[in-house]
Amino acid sequence: MKKNITVLPGDGIGLEVVQSAVEVLETIGTIYGHDFAFDYADIGGSAIDKHNDPLPASTIKACKAGDAVLLGAVGGPKWDQLSGDMRPEKGLLRIRKELDLFANLRPVIGFDSLSDSSTLRKEVITGIDLMIVRELTGGLYFGEPRERREENGETIAVDTLIYSRSEIERIIRKGFELAQVRSRRVTSVDKANVLETSRLWREIAEEISTEYPDVALEHMLVDNAAMQLIRDPQYFDVIVTENLFGDILSDEASMLTGSLGMLPSASMSAEGPGLYEPVHGSAPDIAGQDKANPLAAISSASMMLKYAFGLSEEALAVDKAIDQVLNEGFRTGDIAREGEAVKTTSEITQKVIETLRSKL
Ligand SMILES: NC(=O)C1=CN([C@@H]2O[C@H](COP(=O)(O)OP(=O)(O)OC[C@H]3O[C@@H](n4cnc5c(N)ncnc54)[C@H](O)[C@@H]3O)[C@@H](O)[C@H]2O)C=CC1
Ligand SMILES: CC(C)CC(=O)C(=O)O
Ligand SMILES: [Mg+2]
């Protein structure tokens, strides 16, 4: 199979973990006889430095021309003083919108071998397997107006939370479709006791649920959901929620698995290339030190193999290699137990590659 992958390393540890994911994809290509071509383009702070734009037109063109996009992360202290459209994060928001990537799948899987790394008790982490389905192109991150103004001698800042029926319908459907091939339960998370957008969200979720009689729907307020995720994570299967809530709940859920460095994601549109990226950011505190956990990015590459190219066997091989590497005790600092040897990003990546090759 021949596929063109657009690679957007971005900033900070984005560069390091994307390199790991590319090496793993190259290995899969060699083992299974696929021709993966990689086309690199700029995004985020590095794109601001080179093009004075966090998302140059050449990057949009490259992404649209490819079969899938692999992204690292954007942002960092170097660009913290910039505002509005010049922020690195704006590049990421814009590419999500350009590619209409409305559905962001964030699986949260607890590895038994990491039960000591979880913030939870060992018996609680075992068997965690949930899917956060986050709406990605609407809500507070995109609503207009967004501004700062002076009013009655006060500085006022405004963000707008807005959702249309069609935006809600398509993400809720995605949640139900995923539940149909999982345990047939959807938890729709909102703040319907306060927000009008959430009231509409809840009404539409009820309507759409009639199209999926084989799936049970429940509603949960987001503050309660944040608590229940820690209290009883195995309770959840598919969580479908809006942009901001999904962003926050997924970082929270990452600690059930041991680290933010473990959580992958896939962002999809109705048609056209999807974007695959770790859930974490550019981690300036560890950037450039070969310390980052590459498993979230490698696992995102696995999601690309499965969802973008339909290569389930290859995706499973990557997932199994990750599991084996963890079982053998190889860990970056974020998931190492006290007294355990800490491996570098490159060492973990090489170990995953060796493990894949050993299955030949
Ligand atoms: N998708 C993206 O590109 C995202 C970008 N950001 C940006 O990244 C920058 C830093 O943001 P933070 O709030 O610090 O979030 P962050 O996700 O970059 O880091 C939070 C904490 O988790 C650790 N961490 C994250 N990924 C890790 C990995 N793979 N291995 C080991 N440890 C890891 C970091 O060292 C840090 O202590 C900001 O500019 C922010 O806007 C933040 C989140 C997502
Ligand atoms: C950096 C932001 C644009 C978003 C974010 O934190 C995320 O998508 O997880
Ligand atoms: Mg986030």
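The values are calculated or read from the model by the stated rules, or taken from the named source; none is laboratory data. Note that the coordinates shown come from a computational prediction; the quantities given were computed from them, not determined experimentally. Don't worry about glycine lacking a Cβ; one is built from the backbone with ideal geometry, like all the others, and counts go over all protein chains shown. Protein only, heavy atoms only, side chains kept; ligands, DNA and RNA dropped before computing areas. Shrake-Rupley method; radii C 1.70, N 1.55, O 1.52, S 1.80 Å.
Taken over the stretch 243-260, the criterion of being of a type outside the set (A, V, I, L, M, F, W, C), open to solvent by 10 Å² or more (accessible area, probe 1.4 Å) and more than 10 Å from ligand 1 (Cβ to nearest atom) is satisfied by GLU252 alone. Does the stretch 30-43 include one or more residues that are within 30 Å of ASP334 (Cα to Cα) and within 16 Å of ligand 2 (Cβ to nearest atom)? Within the stretch 30-43, one or more residues are within 30 Å of ASP334 (Cα to Cα) and within 16 Å of ligand 2 (Cβ to nearest atom).
In the set (1) of a type outside the set (Phe, Trp, Tyr); (2) over 20 Å from MET303 (Cα atoms); (3) within 14 Å of ligand 2 (Cβ to nearest atom), ALA73 fails one condition alone, (2).
Residue by residue, here is whether (1) at pLDDT below 95; (2) closer than 21 Å to ALA103 by Cα; (3) surrounded by 14 or more Cβ atoms within 10 Å (Cβ to Cβ); (4) within 16 Å of ligand 2 (Cβ to nearest atom) holds:
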{"site": "GLY143", "(1), (2), (3), (4)": "no, yes, yes, yes"}
{"site": "GLY153", "(1), (2), (3), (4)": "no, no, no, no"}
{"site": "ASP190", "(1), (2), (3), (4)": "no, yes, yes, no"}
{"site": "GLU211", "(1), (2), (3), (4)": "no, yes, no, no"}
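Scoring LEU263 on the criteria (1) open to solvent by less than 20 Å² (accessible area, probe 1.4 Å); (2) on the phi > 0 side of the Ramachandran plot leaves a single failure, condition (2).
Put simply, of PRO56, PRO88 the only residue that is within 12 Å of ligand 1 (Cβ to nearest atom) and not acidic (Asp, Glu) is PRO88. Taken together, the residues in the stretch 332-350 that are under 22 Å from the mean Cα position of the chain (by Cα) and without any contact (Cβ under 8 Å) to a residue 24 or more places away in the chain amount to 0. The residue of the stretch 244-259 that is modelled with the lowest pLDDT, among those that are among the small types (Gly, Ala, Ser) and within 11 Å of ligand 3 (Cβ to nearest atom), is SER254. Taken over the stretch 251-265, residues that are of a type outside the set (A, V, I, L, M, F, W, C) and assigned to a helix (DSSP H, G or I) amount to 5. Screening the stretch 24-129 for strands (runs of 3 or more DSSP E) wholly inside it with 3 or more residues that are open to solvent by 60 Å² or more (accessible area, probe 1.4 Å) and assigned by TED's automatic domain parsing to the domain that holds LEU244 returns no ranges. Taking the criterion of being in a helix (DSSP H, G or I) and over 23 Å from ARG199 (Cβ atoms), the residues of the stretch 230-250 that qualify are ILE230, ARG231, PRO233, GLN234, TYR235, SER250.
Reported count of residues in the stretch 264-288, each being near ligand 1 (Cβ under 9 Å from one of its atoms) and in contact (Cβ under 8 Å) with a residue 12 or more places away in the chain, is 11.
Yes/no matrix, rows are residues, columns are (1) in a helix (DSSP H, G or I); (2) open to solvent by less than 40 Å² (accessible area, probe 1.4 Å):
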{"position": "ARG134", "(1), (2)": "no, yes"}
{"position": "LEU140", "(1), (2)": "yes, no"}
{"position": "GLU147", "(1), (2)": "no, no"}
{"position": "VAL158", "(1), (2)": "no, yes"}
{"position": "ILE162", "(1), (2)": "no, no"}
{"position": "ARG170", "(1), (2)": "yes, no"}
{"position": "ARG182", "(1), (2)": "no, no"}
{"position": "TRP201", "(1), (2)": "yes, yes"}
{"position": "ALA225", "(1), (2)": "yes, yes"}
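Cβ-Cβ distances below 6 Å connect the following pairs, each with a first residue in the stretch 289-303 that is polar (S, T, N, Q), a second residue that is surrounded by 24 or more Cβ atoms within 10 Å (Cβ to Cβ), and a separation of six or more residues or different chains: ASN293/GLY261; SER299/PRO264; SER300/PRO264; SER300/TYR276; SER300/GLU277; SER300/PRO278; SER302/VAL318.
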